[in-house]
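First the structure, in the form of structure tokens, and then the observations on it.
The values are calculated or read from the model by the stated rules, or taken from the named source; none is laboratory data. From a predicted model like this one, the values you see are computed outputs, not experimental measurements. Neighbour counts are summed over all protein chains in view; Cβ atoms, including those assigned to glycine, are modelled from backbone coordinates with ideal geometry. The area values use the complete protein model at the heavy-atom level, side chains included, leaving out ligands, DNA and RNA. Shrake-Rupley method; radii C 1.70, N 1.55, O 1.52, S 1.80 Å.
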Amino acid sequence: MQEELTKLRDEALQKVREATDLKQLQNIRVQYLGKKGPITEVLRGMGKLSKEERPKIGALANEIREVIAGEITSKQEQLEKAEIEKKLQQETIDVTLPGRPVRTGNHHPLQAVIEEIEDLFIGKGYTVEEGPEVETDYYNFEALNLPKGHPARDMQDSFYITDEILLRTHTSPVQARTLEKYKGKGPVKIICPGKVYRRDTDDATHSHQFTQIEGLVVDENIRMSDLKGTLEVFAKKLFGEDRQIRLRPSFFPFTEPSVEVDVSCFKCSMKGCHVCKGTGWIEILGAGMVHPNVLEMAGFDSKKYRGFAFGMGPERIAMLKYGIDDIRHFYTNDVRFLKQFKQA
Ligand code: 2NL
């Protein structure tokens, strides 16, 4: 019996030594010390032993149980410690590793161009004015020297809501409204960026919804040379310091005289290329001296005050500046297109 017990002890201790994880250890505990384990069995069978043997075997069995339990506990502590060490090793943070790049967005190219233009004019003392996109016939047309039935209205196919209300076809009504607010007293120096709408079939160069920026300056002694100087600074800022501008006669109902404004080709420096179609010049905007009728309707004395105005399409400016071949890219928001305009 004694021999059996010591054999059991050696066997158990051997297994404890060889155990590599807590699960194995728990199995050993159950196997040797559990209710159905051999030691419990020996203790349970004590009644069958002789009086002399009983205390000896009992003591030995208890001692062996203590020894095995002790070994299991210390092995358990050892394994737990090793496990924590391993975890600490695995979860070490290397603070010297390079950081993960933060994905940032960027301005929409159209918005970037609008803001670049705004910044230039704000720097020259202009204020930025906004107004409604759903407009009255009066502000969209009549206040701009385009009375009902005027043939020039046909140049702009409009989205009418009622006979008197429409989606604005240009940002000029914002200028007419702002001009009214000044109650006949200059100076007025404003730019009006915003969305406009025309009944057009969408293609690479047309959209039923697009943006405009218009500028308006009204004061005493405003001359055409003020317009020309202003637009020259504008062209140089957007297309490069070496640029020149050229004015060609044109017609707008709200300006007289009216001009189309070209910038010298920034691509070929006027040698002639596909961008300027071999002419050396690229049309960028329309402008003119504010028609006296427009001043008078807004409450300004056209004998005392004069003004210049200009209007442009930021889409066209952005397409030229960045070589974009289709206006629809601005509105479809394909990130592969948009992310090309991220500044380094
Ligand atoms: C173009 C041409 C232009 C104006 C807009 C304007 C506004 C008032 C009075 C006089 Cl309130 N003029 N605006 C003048 C000339 C040209 O736009 O090609 N835009 C894309």
Task: Sequence-distant lysines (8 or more away, or on other chains) whose Cα lies within less than 27 Å of K48 - done: K7, K35, K36, K56
- [ ] Give me the distance between the Cα centres of region 14-34 and region 243-265, rounded to whole Å.
- [x] 95 Å
Task: Area accessible to solvent at I161, 1.4 Å probe radius, in Å² - done: 100 Å²
- [ ] Only helical DSSP H runs with n ≥ 4 go in: add -39500 (n - 2.57) per run for the chain, normalise by residue count and round the 222 nm mean residue ellipticity to 500 deg cm²/dmol.
- [x] -13000 deg cm²/dmol
- [ ] Between E133 and Q31, with labels modelled 7 Å along Cα→Cβ, what's the label distance in nm to one decimal, could you check?
- [x] 7.8 nm
TODO: Please give the peptides 172-185, 139-152, 239-252 ranked by average Cβ packing (other Cβ atoms within 10 Å per residue), highest first, as a rough proxy for protection.
DONE: 172-185, 139-152, 239-252
Task: Nearby lysines by direct alpha-carbon distance to K339 (threshold 22 angstrom, same-chain neighbours under 8 apart not counted) - done: K321
Open item on the list: Taking all protein chains in place and a 1.4 Å probe, what share, in percent, of the accessible surface of region 1-91 do carbon and sulfur account for?
Closed with: 50 percent
Open item on the list: Whole-Hz ³J(HN,Hα) for each residue in region 37-48, computed from phi via Karplus 6.51 cos²θ - 1.76 cosθ + 1.60 with θ = phi - 60°, x for glycine and proline: what do you get?
Closed with: x, x, 6, 4, 4, 4, 5, 5, x, 4, x, 7
- [ ] For K303, list the lysines whose Cα falls under 27 Å from its own Cα; do not include residues on the same chain fewer than 8 positions away.
- [x] K124, K148, K181, K183, K185, K189, K228
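Indicate the gyration tensor shape class of region 167-286 (rounded, prolate or oblate), computed on the Cα atoms with a ≥ b ≥ c the square roots of the eigenvalues: a/c under 1.5 is rounded; otherwise a/b larger than b/c is prolate and the rest oblate. If you can, show how the numbers build up before the last one.
Values: a/c = 2.30, a/b = 1.29, b/c = 1.79.
It is oblate, given that a/c is not under 1.5 and a/b is not larger than b/c.
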Task: Rounded Å value of the spacing that divides the Cα centres of region 80-120 and region 310-327 - done: 34 Å
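Which of rounded, prolate or oblate describes the chain when judged by the alpha-carbon gyration tensor and an a/c cut-off of 1.5?
Values: a/c = 5.18, a/b = 4.09, b/c = 1.27.
Prolate is the answer for the chain, as a/c is 1.5 or above and a/b outweighs b/c.
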